[in-house]
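Undergrad: The structure follows.
Please treat every number below as a calculation from the coordinates, not as lab data. Given the structure is predicted, the values throughout are model-derived calculations rather than measurements. Cβ atoms come from the backbone with ideal geometry, glycine included; neighbour counts cover every protein chain shown.
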Amino acid sequence: MSKIKLLDEVRNIIRLRHYSPRTEESYVNWIRKYVLHHNKKHPRDMGEKEIRDYLNNLSLTQNVSYSTQNQALNAIIFLYKNVIKKELGNINFEKAKRVKHIPVVLSKNEVKLILDKLEGIVKLIVSLLYGSGLRLNECLRIRIKDVDIDYMQIIIRDGKGEKDRRTMIPGSLINQLKKQIEKVKQIHTTDLKNNGGFTNLPYALQNKYPNANKQFGWQYLFPASKQIYEPKTKRKHRHHLHEATIQRAVKSAVSKAEIVKQVSPHTFRHSFATHLLENGYDIRTVQELMGHKDVRTTMIYTHVLNKGVMGVRSPLD
């Protein structure tokens, strides 16, 4: 079995298990690196010794973080368990040092300064990241059917951990979202007239609902400006905006606002949780809105509240 065939098999099994495209990309990348590290030797001819050698190399030579090394381990375990069907014994590798980082959080004033430097669709997206506590990929993957204007809520499908959840729509964004939905409708109508109007559907829904990929409700709330040709279906599809578009715009806005913190689109989600806690909302409510499986994940935001370190008043004050 060639390396290309092996990676194709990895992709197929990942998709059958409904893993996210990001996980697929990560696993395939790590498996490729693992094979290349051992001079393209096939994984079925390797085992615990070679895995240990590779993971030790990541930690001791490449000095990667704990989370990065753990990603590589998960990918390799997936390969042996689900693709090669080979039982692994104890690996006993040198683990990278685990560092717990406190999330970067913007003040309400800093959020306003950055938003003031943004405009158009990017400003609406970043406003949702902050106003609804969304991850960037969650926001970009919103479908028209999951925006409930009347109840002022958005349903997030297949969030982290493959779970659905609801979060609020800020009242100040209602009119902008109505205009965006109308804009998408116009784009979709034009695409249909030009024998297009297709979008991609998750999992096997295309087989279950053959015409759903042309229905307005399944279109992305934030569609890409151009359609792309899909060789598999032999037709053009309209995907959602690319993450890099938002990332570049946020980086530029942060620079213009003269904010020195390390800010990314995800920082607005951190700020959402922190500001809700500052406003007196209980941590369980925030946990649900954030989609955290464990309340301990949400607890980290209590360490960055605007009350001084750990809520302690300095004796100088």
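Undergrad: If you plug each phi of the range 186-201 into the Karplus form 6.51 cos²θ - 1.76 cosθ + 1.60 with θ = phi - 60°, what whole-Hz ³J(HN,Hα) values come out, in order, with x for Gly and Pro?
TA: 5, 4, 5, 4, 5, 4, 5, 5, 9, 6, x, x, 8, 9, 7, 10
Undergrad: Can you give the longest run of the chain that contains no chymotrypsin sites (Phe, Trp or Tyr not before Pro) sitting in a DSSP loop with at most 12 other Cβ atoms inside 10 Å? Intermediate values should be presented prior to the final figure.
TA: Numbers: sites that count: 151, 203.
In the chain, the maximal stretch lacking such sites is 1-150.
Undergrad: Still on this structure, I have one more. Among the listed pairs 183/214; 85/232; 123/178; 5/81, which are separated by more than 23 Å between their Cα atoms?
TA: On the way: 183/214 16 Å; 85/232 29 Å; 123/178 15 Å; 5/81 17 Å.
Over 23 Å Cα-Cα: 85/232.
Undergrad: Could you list which residues have their amide H under 5 Å from that of residue 240, counting only those 5 or more apart in sequence or on another chain, with H placed in the peptide plane?
TA: 224
Undergrad: Below 17 Å, Cα to Cα, which aspartates and glutamates can residue 49 reach? Residues fewer than 8 away in the same chain don't count.
TA: Of all the aspartates and glutamates, those that pass the test against residue 49 - Cα under 17 Å, at least 8 places apart if same chain - are 87, 94.
Undergrad: Would you mind working out the magnitude of the charge dipole of the chain relative to its Cα centre, with +1 at each Lys and Arg C-beta and -1 at each Asp and Glu C-beta, to the nearest 20 Debye?
TA: Numbers: 56 positive and 30 negative charges, 177 e Å.
Value, rounded to 20: 860 debye.
Undergrad: Using the Cα centre of the range 3-84 as origin and beta-carbon charges of +1 (Lys, Arg) and -1 (Asp, Glu), tell me which of 34, 20, 77 is placed farthest towards the positive end of the dipole.
TA: 20
Undergrad: Among 279, 239, 58, whose Cα lies farthest out toward the positive end of the dipole of the chain, if unit charges sit on the beta carbon of Lys, Arg (+1) and Asp, Glu (-1)?
TA: Projecting each Cα onto the dipole axis, the largest value belongs to 239.
Undergrad: Over the C-alpha atoms of the range 1-147, what are the Rg and the largest Cα-to-Cα span, Dmax, in Å?
TA: 20.2, 58
Undergrad: What residue among 104, 225, 168 has its Cα farthest toward the positive end of the dipole of the chain, where the charges are +1 on Lys, Arg and -1 on Asp, Glu, each on the Cβ?
TA: Of 104, 225, 168, it is 225.
Undergrad: Turning to a different aspect of this structure: Based on Cβ point charges of +1 for Lys and Arg and -1 for Asp and Glu, what charge dipole magnitude is obtained for the range 3-84 about its Cα centre, in debye rounded to the nearest 20? Present the calculation step by step, with values, prior to reporting the outcome.
TA: On the way: 14 positive and 8 negative charges, 35 e Å.
Around 160 debye, computed over the range 3-84.
Undergrad: Let me make sure I get this right: for the range 1-65, a, b and c are the square roots of the gyration tensor eigenvalues over alpha carbons, sorted descending. Under 1.5 in a/c it's rounded, otherwise prolate if a/b > b/c, else oblate. Which is it?
TA: Details: a/c = 2.42, a/b = 1.38, b/c = 1.75.
It is oblate, given that a/c is not under 1.5 and a/b is not larger than b/c.
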